[in-house]
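Written out below as structure tokens is the structure these notes cover.
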Amino acid sequence: MAARSDDLAFTVDLGEPGRWAVVHVRGELDWNSAPVLTTMVEHLWDFLSGGCLLLDLAPMTFCDSMGLGTMIAVSRGCLSRGVRLVLVAPPPSLRRTLAITGLGAVLQVRDTLPEALAEFDGHNVDAGDHIVPFA
């Protein structure tokens with residue numbers, strides 16, 4: 001299934017159920033969009049039981065304290081559900097924040113999406129379902 005709109009903040013690529021899902025975070029992750037990300041992730045947890053949630057942050061242009069707090073909450077939620085969380089390609093400003101706060105030592109970070117997906121045999125983002133659960 002496919003859908004895409006340039007004004008959406010988040011899109012999702014789904015791999016094999018229980019293996020992985022990629023949430024592409026575009027634009028600003030702030031007080032306005034962070035609750036939407038939280039709701040989206042909550043809906044993915046059942047799909048990912050024992051799998052991996054990848055937050056693709058490469059298209060993100062801004063992250064405020066609410067966005068950072070949301071990533072922490074998502075990390076805690078993933079941990080309690082046995083879902084692995086990986087932050088993919090965080091922009092330099094977020095990398096600095098992660099380093100300063102010590103979160104870089106706690107959260108898994110990969111430089112690129114292909115690098116993160118290489119951990120899954122037979123992955124292919126283009127072959128997965130591309131969905132937009134929230135507009």
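Taking the average, over residues, of other Cβ atoms within 10 Å as the packing measure, peptides 111-119, 15-23, 52-60 rank 52-60, 15-23, 111-119 from highest down.
Among the chymotrypsin sites (Phe, Trp or Tyr not before Pro) in the stretch 42-121, none sits in a DSSP loop with a Cβ that has at most 11 other Cβ atoms within 10 Å. One chain, two ends: residue 118 and residue 58. Fully extended at 0.36 nm per residue, the span grows by 19.9 nm beyond their Cα-Cα distance.
Laboratory data are not the source of any read-out in this text; all were calculated from the coordinates shown. Fair warning: this is a prediction, and the values are worked out from it, not measured in the lab. Positions of Cβ are backbone-derived with ideal geometry, glycine not excepted, and every protein chain shown enters the neighbour counts.
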